[in-house]
Amino acid sequence: MNDHLFSERQSATKISSDDENILTHLRLRAKNKLIIGNLNINSLRNKFDELKLLIQGKIYILVVTETKLDSSFPLNQFFIEGFNKPFRFDRNKFGGGVIIYVREDIPCKQLVKYVLPNDIEGLFIEINLRKTKWLLFGTYHPPSQQDYYYFHHLGKAIDFYLKSYEKFVLIGDFNSDESEPHLLDFLNNYNAKNLIHEKTCFKNKDNPSCSDVILTNSSKSFQNTNVMSTGLSDFHKLVLTVINTSFQKMKPKEIVYGDYKKFEIEIFENKLKTSLNQCFFHLSKTSTSTNDIAGNKIDHTTLTFVYSANQS
């Protein structure tokens, strides 16, 4: 086997100091700009802690594919501090799936007006950057699915949303190289380009491919596109690019601590009792579940009333 190909395949599964420097240097060069990326992680459940270390403070928007999750894995299991509640599409715990992380200070929402067939794995998200609203699609296109079928339905969805969005960026594992006819036709139809030109998937050691791509109809809006190994995927590299738009850095959170020496248990117990009474009164007037209301109220009580009681 060609030594160069063997070295490339190994690099997809093992992170080096050079790879770590790629993301560090990119963050420094792209100060106040948004780094976005995509990684086929091939099962998220046992790699989540490592993913958090990778993303926090470095990547603003991340599409993760082949998550291999189902409803037995609660969404809050995959929350990352500093990010919105993730957007998630599951196939099952044996294959497929997409999860999308967007930093909490970036206005965003899932778009659901156009309904894709159930076997098209992907999510449309609106990303609001300053005065520009982007249409983002995070997706996993399994190799067993016909390219014509996939791009036909994706095209119909794009046609629908382009009435409201001028710019789009499609991110994920498409299992299709841009030289292949259906992807090439799709790019031509929407005057779009693929930003990724390096090999990203090394499953076939003799013929690595560029299947993890970033497609956009506004290529001049991006800069410093790169790929790197993470050690989190068996065959795939992380793909990265920078949106050429300045974005205010998130302000550090202030954490306020009370003085336990001033804590008075009677004051706290009275405020806790009052808060819970209000909680259950509200519950009797709404259809919201007991766990949702009580849980949120108790969290607020323990974080706020303990402090206020301490200051008494």
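Bear in mind that the values in this text are calculations on the coordinates, not laboratory data. What you see is a predicted model, and the numbers here were worked out from it, not measured in a lab. For neighbour counting, all protein chains shown are included, and Cβ atoms are generated from backbone atoms with ideal geometry for every residue, glycine included.
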- Note on the structure: If 68, 205 are placed from fewest to most neighbouring beta carbons inside 10 Å, the sequence is 205, 68
- Message: Sort 149, 165 by Cβ crowding within 10 Å, fewest neighbours at the top.
- Response: 149, 165
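Place the peptides 54-61, 114-121 in order of packing, highest mean first, counting for every residue the other Cβ atoms within 10 Å and averaging per peptide. If you can, show how the numbers build up before the last one.
Details: 54-61: 19.5, 114-121: 13.8.
Taking the mean over residues of other Cβ atoms within 10 Å, the ranking is 54-61, 114-121.
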- Please report how many Lys pairs in the stretch 36-190 have alpha carbons closer than 21 angstrom, counting only residues at least 8 apart along the chain or sitting on separate chains. 29
- Of 104, 81, how do they rank once you tally other Cβ atoms within 10 Å and put the fewest first? 81, 104
- Query: Is the stretch 3-246 rounded, prolate or oblate when judged by the Cα gyration tensor, a ≥ b ≥ c being the square roots of its eigenvalues, rounded requiring a/c under 1.5 and prolate requiring a/b larger than b/c?
  - Reply: rounded
- Distant-in-sequence amide H partners of residue 211 (H built 1.01 Å from N, under 5 Å): 200, 201
